[in-house]
Amino acid sequence: MRILVTGGAGFIGSTFVRHILATYPTDEIVVLDKLTYAGNLANLPPLSTTPRLSFIKGDICDETIVEQAMSDCDTVVHFAAETHVDRSLLQARDFMRTNVQGTYVLLEVARRQQVRHFLHISTDEVYGNACSPDGVSRPSQETDTLLPLSPYAASKVGADTLAFSYWASYGLPVTITRCSNNYGPYQYPEKQLPLFILNALEDRPLPVYGHGEHSRDWIHVQDHVEALTLILHQPESRVIGQIFNIGAHEERSTLQNARVVLEILEKPESLLSFVEDRPGNVQRHAVDTSKIARQLGWRARIPFAVGLRQTIDWYHAHPTWINTIKEQRNEFLAAALQRGMQSRSVDGVAH
Ligand SMILES: Cc1cn([C@H]2C[C@H](O)[C@@H](COP(=O)(O)OP(=O)(O)O[C@H]3O[C@H](C)C(=O)[C@H](O)[C@H]3O)O2)c(=O)[nH]c1=O
């Protein structure tokens, strides 16, 4: 395969790239990434010594660059997106542009260039709160109504349904995956777990939104990319035009996570800091993964307790990566504050 990976310098995209390069010795990868604040070339193996990896810096909304990047690829794996819910509440425009318009450009070019497989990476945020049509709380199924509760989630519904429509209307060979909350090495410290880990390491408060009882299903990023790889290596008839939930059945509340991070790092509970909740914060995200288990035989294998310790060890062992990210974060924060954004919403930290 020659795979175009959009957003391949981000957290999940780069884990996917490293996994493919390590596991499939003949596959080649072209990464297309805009290198926004969350994209980082340090997440990828060195380009000079990795001949099967090439990199193009560019925007997925730019049709000319997308055409060039996709020109000799048979497969597209589309990760590129604005992903942070807090930011979407202040800057929804960026989310509509990259997530909706960018996905549209990719689908159009993929249709013209007749790619063999377009794997669209979506999210369980599209479902809103996990519940059945009669309102009873239960893990979301692929056929559930999509009820996004944030501009981020709405933009992903736009992208996800556009991708589906390109399969239905034009026969573009699309598969859509909706994964739960990822954690693991190389995650930008704006999302809950890496932010808690870095703040705890530096004896800074861990901001817990609202009552801290909101829960998510936590999946290690390695499990996620292994599920994606499995999908890519299936016969077409099993995966084209299909939507698959991906999750680990590791539901934990924010408060549980904050406490366990403090416990592992032997930090005091006094670092817990209850702050105002995020508007529209989803109470419970959880996905029913029986379809991918039944049809493809996949299930997550990394227990949360093991994955979290490994992730904390990784952040401990990578101060250089953390310092680079911090410099980028400070530059971004200064620019955002100049534009009038509130600081908590751009770096996740209550000031
Ligand atoms: C950053 C942060 C978050 N929170 C709370 C807010 C939520 O109730 C929960 C998780 O928040 P986070 O922003 O880490 O993730 P989600 O809003 O669940 O969304 C994430 O998982 C889905 C699948 C995606 O698709 C998103 O791209 C990804 O960002 O922790 C806090 O209490 N404190 C904090 O500092």
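The values are calculated or read from the model by the stated rules, or taken from the named source; none is laboratory data. Computed from a predicted model, the values in this text were never measured in an experiment. Glycine also receives a Cβ, built like all others from the backbone with ideal geometry; neighbour counts cover every protein chain displayed.
Looking only at the range 316-336, decide whether some residue is modelled with pLDDT under 80, closer than 26 Å to Trp218 by Cα, among the basic types (Lys, Arg) and not in a loop (DSSP other than H, G, I, E, B).
Yes; the residues of the range 316-336 include at least one that is modelled with pLDDT under 80, closer than 26 Å to Trp218 by Cα, among the basic types (Lys, Arg) and not in a loop (DSSP other than H, G, I, E, B).
Which of the strands (runs of 3 or more DSSP E) found entirely inside the range 44-140 contain at least 3 residues meeting this: within 16 Å of the ligand (Cβ to nearest atom) and either buried (at least 16 other Cβ atoms within 10 Å of the Cβ) or of a type in the set (Gly, Ala, Ser) (or both)?
Here the list reads 117-123.
Applying the selection to the range 257-281, what residues are in a helix (DSSP H, G or I), within 11 Å of the ligand (Cβ to nearest atom) and either in contact with a His (Cβ under 9 Å, 6 or more places away or on another chain) or not aliphatic (A, V, I, L, M) (or both)?
Scanning the range 257-281 gives a single hit, Asn257.
Check whether at least one residue in the range 169-180 is more than 13 Å from the ligand (Cβ to nearest atom) and free of Cβ contacts under 8 Å to residues at least 40 places away in the same chain, and report yes or no.
Checked against the condition, which is being more than 13 Å from the ligand (Cβ to nearest atom) and free of Cβ contacts under 8 Å to residues at least 40 places away in the same chain, the range 169-180 yields at least one hit.
Being more than 12 Å from the ligand (Cβ to nearest atom) and assigned to a loop (DSSP other than H, G, I, E, B), is that true of even one residue in the range 218-233?
Yes: one or more hits.
Which one of Leu255, Leu228, Leu232, Leu206 is more than 30 Å from Thr145 (Cα to Cα) and not small (Gly, Ala, Ser)?
Result of the check over Leu255, Leu228, Leu232, Leu206: Leu206.
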